[in-house]
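The values are calculated or read from the model by the stated rules, or taken from the named source; none is laboratory data. Given the structure is predicted, the values throughout are model-derived calculations rather than measurements. Positions of Cβ are generated from backbone atoms using ideal geometry, with glycine treated the same way; all protein chains shown enter the neighbour counts.
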Amino acid sequence: MKMENQRRKNINIKYITMGKNMLANSTLSTVLPVVDLNRARIFYEEILGLKPVSKVNNGQIKYECGNGSSLYIYHQDESTKAGHTAAAFEVKNIELELEELESKGVTFEDYDAPGLKTINHIIESENEKAAWFKDADGNILCLHESL
């Protein structure tokens, strides 16, 4: 019995050390529910400029977003809008991206709360800038620029 316990302990240590940083080098995908898939496709493809790379047999659409990241949208009968940022796009020039999206009809959010005040739709801190907008289903999306 003592030998069996030692073997289990060795196996557990092996799995812990093997998986220690497995996700640290993995690409990340975001999955968003939408009520109207066609309306969402227009928003993500024509407004944001994302290119669909595949349509999964359950109606889910995959978009490649850069550096191996991807965004999936799928149909859901009822909206499940989260009250927080669902996805953020890392950009090099937030003002330029914001201006382009506004020219396509995107409305950016403004916030005025302790520690979170936007100026011209952008919050700026010592090392980052961010601006938030919503997709056609109310999912909160973010433009983010590291300084």
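Looking at (1) modelled with pLDDT of 80 or more; (2) more than 27 Å from Glu145 (Cβ to Cβ), can you tell me which one Asn10 breaks?
All conditions pass for Asn10, except number (1).
Within the range 83-124, take every residue that is among the hydrophobic types (A, V, I, L, M, F, W, C) and free of Cβ contacts under 8 Å to residues at least 12 places away in the same chain and give me the one that is surrounded by the fewest Cβ atoms within 10 Å (Cβ to Cβ). Before the answer, list the steps.
Taking the range 83-124 as the starting set, the residues that turn out to be among the hydrophobic types (A, V, I, L, M, F, W, C) are 86-89, 91, 94, 96, 98, 101, 106, 108, 113, 116, 119, 122-123.
Applying the additional criterion that residues be free of Cβ contacts under 8 Å to residues at least 12 places away in the same chain yields 96, 113, 116, 119.
On the way: Leu96: 11, Ala113: 7, Leu116: 10, Ile119: 9.
The extreme case among them is Ala113.
Residues in the range 40-72 that are free of Cβ contacts under 8 Å to residues at least 40 places away in the same chain, among the aliphatic types (A, V, I, L, M) and either surrounded by fewer than 18 Cβ atoms within 10 Å (Cβ to Cβ) or closer than 17 Å to Ala88 by Cβ (or both): how many?
Within the range 40-72, residues that are free of Cβ contacts under 8 Å to residues at least 40 places away in the same chain, among the aliphatic types (A, V, I, L, M) and either surrounded by fewer than 18 Cβ atoms within 10 Å (Cβ to Cβ) or closer than 17 Å to Ala88 by Cβ (or both) number 3.
Suppose we filter the range 39-95 for residues that are over 25 Å from His121 (Cα atoms), part of a strand (DSSP E or B) and not hydroxyl-bearing (Ser, Thr, Tyr); how many remain?
Adding up the residues that qualify gives 8.
Collect the residues in the range 125-147 that are of a type in the set (Phe, Trp, Tyr) and surrounded by fewer than 16 Cβ atoms within 10 Å (Cβ to Cβ), keeping them in residue-number order. Walk me through it before giving the result.
The first filter runs over the range 125-147 and keeps only residues of a type in the set (Phe, Trp, Tyr), leaving 132-133.
Hits for the range 125-147: nothing passes.
Restricting to the range 63-105, name every residue that is within 15 Å of the chain's Cα centre (by Cα) and of a type in the set (Ser, Thr, Tyr). Spell out the reasoning first.
At the first step, the residues of the range 63-105 found to be within 15 Å of the chain's Cα centre (by Cα) are 63-74, 81-91.
Correct list: Tyr63, Ser69, Ser70, Tyr72, Tyr74, Thr85.
Among the candidates Lys129, Lys104, Lys134, single out the residue that is within 25 Å of Asp36 (Cβ to Cβ), modelled with pLDDT of 95 or more and touching a helix residue (DSSP H, G or I) at 6+ places or on another chain (Cβ under 8 Å). First the steps, then the outcome.
Values: Lys129 fails: within 25 Å of Asp36 (Cβ to Cβ); Lys134 fails: touching a helix residue (DSSP H, G or I) at 6+ places or on another chain (Cβ under 8 Å).
Testing whether each residue is within 25 Å of Asp36 (Cβ to Cβ), modelled with pLDDT of 95 or more and touching a helix residue (DSSP H, G or I) at 6+ places or on another chain (Cβ under 8 Å) leaves just Lys104.
Given the criteria among the hydroxyl-bearing types (Ser, Thr, Tyr) and either touching a helix residue (DSSP H, G or I) at 6+ places or on another chain (Cβ under 9 Å) or surrounded by 15 or more Cβ atoms within 10 Å (Cβ to Cβ) (or both), does Ser79 qualify?
For Ser79, the condition - among the hydroxyl-bearing types (Ser, Thr, Tyr) and either touching a helix residue (DSSP H, G or I) at 6+ places or on another chain (Cβ under 9 Å) or surrounded by 15 or more Cβ atoms within 10 Å (Cβ to Cβ) (or both) - is not met.
Among the residues of the range 52-60, is any touching a Leu at 6+ places or on another chain (Cβ under 7 Å), modelled with pLDDT under 95 and either farther than 15 Å from Ser29 by Cα or not β-branched (Val, Ile, Thr) (or both)? Talk me through it step by step, then tell me what you get.
Narrowing the range 52-60 to residues touching a Leu at 6+ places or on another chain (Cβ under 7 Å): 59.
So of that shortlist, the ones also modelled with pLDDT under 95 come out as 59.
The next check asks that each one be either farther than 15 Å from Ser29 by Cα or not β-branched (Val, Ile, Thr) (or both); those that pass are 59.
Checking the range 52-60: at least one residue is touching a Leu at 6+ places or on another chain (Cβ under 7 Å), modelled with pLDDT under 95 and either farther than 15 Å from Ser29 by Cα or not β-branched (Val, Ile, Thr) (or both).
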